[in-house]
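Report on the following structure.
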Amino acid sequence: MVPIILSTITARYSHSAFGLRYLRANLGRWKGQCVVKEFHLKQTPLFVAESILQEKPQMVGLGVYIWNVQEITQVAQIIKGVAPQTIIIIGGPEVTYEYEDMPIFHVADYLIQGEGEIVFSQLVEAILAGQKPEQKVWAGEIDNLNTIQMPYDEYTEEDIAHRIIYVESSRGCPFHCEFCLSAIKTGVRFFDRGHFLMEMEKLIQRGAKNFTFVDRTFNIRDDHALEIIQFFLKFVKKDMRIHFEIVPDRLNDRILEEFKKFPDGTLHLEVGLQTVNRKTQELISRRQNLTRTFEVLQFLKEKTGAKIHADLVAGMPAETWDSFREGFNYLIEAAPQEIQLGILKRLRGAPISRHIEEYQMAFAPFPPYEILQTSTLSFEELQKLKRMARYLELYYNQGNFSHSLNLLWKTGTTPFDAFSDFSDYVWKKTGKTHELSLSTLANLLFSYLLAMNKFPPDIIEKAIREDYNQKPGRTEKLNMSKKISD
């Protein structure tokens, strides 16, 4: 029997549950009575519930997120149905705001709202002391982050060997981007940098290689970012991966020079462009110097070995087909290694909801609550953009068609027009956005480029064969004469 189980369902096995490790690290004298059990989306709610119930816990803490709320709700319902005496405590971004109508709220005994490290420990202490507090919702907010225990000792040897190691040097965001939950409470709090770096060194000494910073804006303070960057430069090896989320137009030249020192492929930078539409930027309270952003993206691509992941989000208020087109073309010119075309989601509590009436924003009523249409983007246009996002992942982000795409971009008035037309072609031919093999993708692109009649067939075939054969070990032969069915 284990008195306390902390559990959640992650998107995939390689994703470690950072929040659960924080809760266990701050349980004080009850830490030894608590076990973290992680699952992933390929495992059924019944399997998850059975695994938890085998431990006969007195209480179960469940992390609820936009990607797992339906599955976690079923887990909670099964646990309560089989063992109604089990106390269920829920927490996480998906149940922090607008939770009153959620089925999981009515199944749970308690809800931790916001930062849970301190209040979860207080609630556990009360329950294990024989009390059962009447208060159902416990709000957590931590003014001084240095009053809580860092969770890095909670990472196991298996985590270090096989999972992403999530870390944070700060919490909060100074900006007010209305599609994000960070817009609700502004301001940035920092962990003691010396203590944080000491914990990072311990992880490195244990063999950790795959670090992802969850700081919302890593480079908001130059001195803070610079010291952390210089720390990792002392320890970086070619097989390491260090991921930061940055605001490009606020990167100073000194930090850019430090980025040049990282070995190729070790530095991963997530850059949120989101939109180039000035009216949209104003409506969602997002200020960005696009000229400086482009300069930084060019510098990172040309002068560093960093892998750059850039985001655009479709469906925000006042965003149109033409303005999204402009943003896409902007990023193709900047040429980051990955471009994510995201679809706006209505996160519970996010201020973006204030534009729903004016811009006739219709969201799906089920997770992940994606935008369906607005007054400036039709349902048909958004569905098309969603397909384009998937095909861009397959053709561009996975790096399998770099030569061929240089031909494709030239088949339309702009790269966006070219890829839009090509996406229509792939959808018409296959009716699928998933389960497309690499050889099928190659033949689709070959057929389309031939049909466009912009390049000689031998040039097209050479480009596609170079792309297809660039990775050794491929066993499936590419049949360029294969017909794509009408």
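Just so it is clear, none of the values below were taken in a lab; they were calculated from the coordinates. Note that the coordinates shown come from a computational prediction; the quantities given were computed from them, not determined experimentally. FYI the Cβ positions are ideal-geometry reconstructions off the backbone, even for glycines, and counts take in every protein chain you see.
Taken about its Cα centre, the chain carries a charge dipole of roughly 1000 debye when the Cβ of each Lys and Arg holds +1 and the Cβ of each Asp and Glu holds -1.
Applying 0.36 nm per residue to the separation of Gln230 and Lys56 and subtracting their alpha-carbon distance, the gain on full extension is 57.9 nm. Taken along the Cα-to-beta-carbon direction at a fixed 7 Å, the label points for Asp222 and Thr414 span 3.4 nm. Name the residues of the range 334-365 whose amide N is less than 18 Å from a point 7 angstrom out from the Cα of Val137 along the C-beta direction? Output list for this probe position: 347-351. The stretch between Val35 and Ile118 holds 28.1 nm of extra length on full extension. This uses 0.36 nm per residue minus the Cα-Cα distance. For the range 233-272, which trypsin sites (Lys or Arg not before Pro) are in a loop by DSSP, counting at most 16 other Cβ atoms within 10 Å? Passing sites in the range 233-272 are Lys237, Lys238, Lys260, Lys261.
Trypsin sites (Lys or Arg not before Pro) within the range 377-423: which are DSSP loop residues with at most 15 other Cβ atoms inside 10 Å?
On the way: sites: Lys384, Lys386, Arg387, Arg390, Lys410; in loops: none.
Within the range 377-423, no trypsin sites (Lys or Arg not before Pro) qualify (loop, at most 15 other Cβ atoms within 10 Å).
Shown in residue order for the range 29-38 are the 3J(HN,Hα) couplings computed by the Karplus curve 6.51 cos²θ - 1.76 cosθ + 1.60 at θ = phi - 60°: 5, 8, 4, x, 9, 10, 10, 8, 10, 9 Hz (x for Gly and Pro). Summed over all non-identical Cα pairs, the Kirkwood treatment of the range 155-377 gives a radius of 18.7 Å.
If the only charges are +1 at each Lys and Arg Cβ and -1 at each Asp and Glu Cβ, what is the size of the charge dipole of the range 4-145 around the Cα centre, to the nearest 20 debye?
Values: 11 positive and 15 negative charges, 129 e Å.
Dipole of the range 4-145, to the nearest 20 debye: 620 debye.
Considering only DSSP beta bridges where both residues belong to the chain, give the percentage that are antiparallel (nearest 5). Walk me through the numbers on the way to the answer.
On the way: 7 of 55 bridges.
Bridges in the chain that DSSP calls antiparallel: roughly 15 percent.
From least to most packed, judged by other beta carbons within 10 angstrom and beginning with the fewest, His176, His106 follow the order His106, His176. Each of Gly399, Phe39, Tyr13 was scored by the projection of its Cα onto the charge dipole of the chain, and the greatest displacement toward the positive side belongs to Gly399; charges sit on the C-beta of Lys, Arg, Asp and Glu.
In this simple spin-label model, placing a label point 7 Å from the Cα along the Cα-to-Cβ direction at both Glu302 and Lys432 gives a separation of 4.2 nm.
Size descriptors for the range 168-239: radius of gyration and Dmax over Cα atoms are 13.8, 40 Å. Using the Cβ-Cβ distance between Arg193 and Phe455 with R0 set to 45 Å, the FRET efficiency from 1/(1 + (r/R0)^6) comes to roughly 0.25. Projection of the Cα convex hull of the chain, averaged over all directions and equal to a quarter of that hull's surface, yields 24.5 nm².
For a label point 7 Å from the Cα of Arg292 along Cα→C-beta, name the residues of the range 164-184 whose backbone N is under 16 Å from it. Backbone N within reach: 174-176.
If the chain between Arg278 and Phe366 were fully stretched, how many nm would it gain, using 0.36 nm times the residue separation less the Cα-Cα distance? Please list the in-between numbers first.
Working: separation 88, 0.36 × 88 = 31.68 nm, distance 3.01 nm.
Answer, rounded to one decimal: 28.7 nm.
The residues Glu168, Glu157, Glu199, when put in order of fewest to most other Cβ atoms within 10 Å, stand as Glu157, Glu199, Glu168. If you model the range 51-158 as an ellipsoid using its alpha carbon gyration tensor, with each semi-axis the square root of five times an eigenvalue, the axes come out at 22, 17, 16 Å, biggest first.
From least to most packed, judged by other beta carbons within 10 angstrom and beginning with the fewest, His403, His309, His195 follow the order His195, His403, His309.
Counting other Cβ atoms within 10 Å of each Cβ, which GluC sites (Glu not before Pro) in the range 284-390 have at most 13 and sit in a DSSP loop? Mind showing how you got there, number by number?
Numbers: sites: Glu295, Glu302, Glu319, Glu326, Glu333, Glu338, Glu357, Glu358, Glu370, Glu380, Glu381; in loops: Glu319, Glu357, Glu358.
Listed in order of number, the matching sites are Glu357, Glu358.
Please work out the ratio of the alpha-carbon Rg of the range 2-119 to 2.2 N^0.38 Å and round it to two decimals. Working shown, then result.
On the way: Rg = 12.9 Å, N = 118, 2.2 N^0.38 = 13.5 Å.
Relative to the 2.2 N^0.38 Å estimate, the range 2-119 comes out at 0.95.
Using the rule -39500 (n - 2.57) for each DSSP H run of four or more residues, divided by the residues of the chain, the 222 nm mean residue ellipticity is -11500 deg cm²/dmol.
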